[in-house]
1. In sequence order, what are the phi-derived ³J(HN,Hα) couplings for region 275-292 according to the Karplus relation 6.51 cos²θ - 1.76 cosθ + 1.60 with θ = phi - 60°, rounded to whole Hz, with x for glycine and proline?
2. Given labels modelled 7 Å from the Cα in the Cβ direction, how far is it in nm from E69 to I150?
3. Quick one: helix 74-88 against the long Cα principal axis of the chain, what's the angle to the nearest 10°, folded into 0 to 90?
4. Hey, can you grab everything whose amide H is under 5 Å from the amide H of V179? Only 5+ residues off in sequence or another chain; H modelled, so Pro and N-termini drop out.
5. Determine, for the chain, the count of lysine pairs separated by eight or more sequence positions (or lying on different chains) whose alpha-carbon distance falls under 16 Å.
6. Considering only protein heavy atoms, what per residue accessible area in square angstrom results for region 135-274 with a 1.4 angstrom probe?
7. If we count every other residue with Cβ under 15 angstrom of E247's Cβ, Lys/Arg +1 and Asp/Glu -1, where does the sum land?
8. Got a number for carbon plus sulfur as a percent of the chain's accessible area, 1.4 Å probe?
Amino acid sequence: MGGYAYFRKRIVPLEEAKVSIVTHAFNYGTGCFEGIRGNWNADHQQTYLFRMRDHFERLKRSARVLRIEIAESVEDLCEITSELVRRSGYQEDVYVRPIAYKSGEVIGVRLHDIEDDLNIFVAPFGAYLDADKGIRCCTSSWRRVPDSSIPSRAKVTGVYVNSALAKSEAWDRGCDEAVILSQDGNVSEGSGENIFIVSGGELVTPPPAEDILIGITRGTVMELARTELGIETIERAIPRSELYTAEECFMTGTAAHLTPVVEIDNRLIADGVTGPITSKLAGLYNAIIRGRNSTYRHWCTAVAPAAAVSA
Ligand code: PMP
């Protein structure tokens, strides 16, 4: 993988950004991270970083939970990221991965008295799920880690073992993605996505109390539903069985964008094709993240990739 990374306060070629096997976060999962999309617009010859500020603000909140000090301000982080994306020069969709972590090379489970650091890298990253065809999901036998065990609103590296167990279980069962239930059996979220349904004509999504990561895409979709379609999203508990009778269902996430769910646990959602509210929201979202909608351009940071250096 080529490209550049921000590592130990400097921008370096990605292959130089290496950490020791003794690193605390590698041993104990004591890090927090973000995923930011850079969406390539070939007509504009620019990459649009979507809601970068909001992602770094969430990273700061996650770091607070883990008692990690991030020296850089949100503005610094946005500037560094724009420079990384520019220098990396990719003329395709990219994913930016900031990670703030316990970088101390010490043994011992704790959060206090351990050095912190923050790295950022950029990688080319196409479609994560098939948003055109829609996806098949199954409810996982694994339950979502409750907020009382690891704070859900923080995007903590270690908690992704829960997501990985659920995702691979879904994959083994021939599905694209898992729906993970909370400890009390209500719908929480996907392995890396929030979930919405249209039920009885209402747009519904689980509230933060269902141990969800409070997604930035989730917030975007709620705002678009309200301002562009005049639809208020209702945040309430969704029992598993309500998924089976929903008129529409979709998942949202930085990697997944807005992906229609067409089947859950071998039951088609409605008639198994993308529903009208889902397609309207997806159309709006897909234009906005590529800088094609001037009303929402403030959510996009434009970066012109540096010209590729020929070998
Ligand atoms: N839930 C989980 C567990 C996730 O990993 C993600 C992806 N960050 C999401 C929800 C969606 O969050 P966002 O829209 O901010 O990417």
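1. x, x, 5, 4, 5, 5, 5, 5, x, 4, 4, 5, 6, 5, 6, 9, x, 9
2. 2.5 nm
3. 80 degrees
4. For V179, the qualifying residues are C138, T139, S140.
5. Details: K9/K18; K9/K102; K18/K102; K60/K102; K60/K155; K102/K155; K133/K280.
The number of close lysine pairs in the chain is 7.
6. On the way: 5350 Å² over 140 residues.
It amounts to 38 Å² per residue over region 135-274.
7. Numbers: positive: R267, K280; negative: E202, E242, E248, E263, D271.
It works out to a net charge of -3.
8. Values: 7170 of 13930 Å².
That fraction is 51 percent.
The values are calculated or read from the model by the stated rules, or taken from the named source; none is laboratory data. Quick caveat, the model's predicted, so the values are computed rather than measured. Don't worry about glycine lacking a Cβ; one is built from the backbone with ideal geometry, like all the others, and counts go over all protein chains shown. These accessible areas exclude ligands, DNA and RNA; they are computed on the full protein's heavy atoms, side chains included. Shrake-Rupley method; radii C 1.70, N 1.55, O 1.52, S 1.80 Å.
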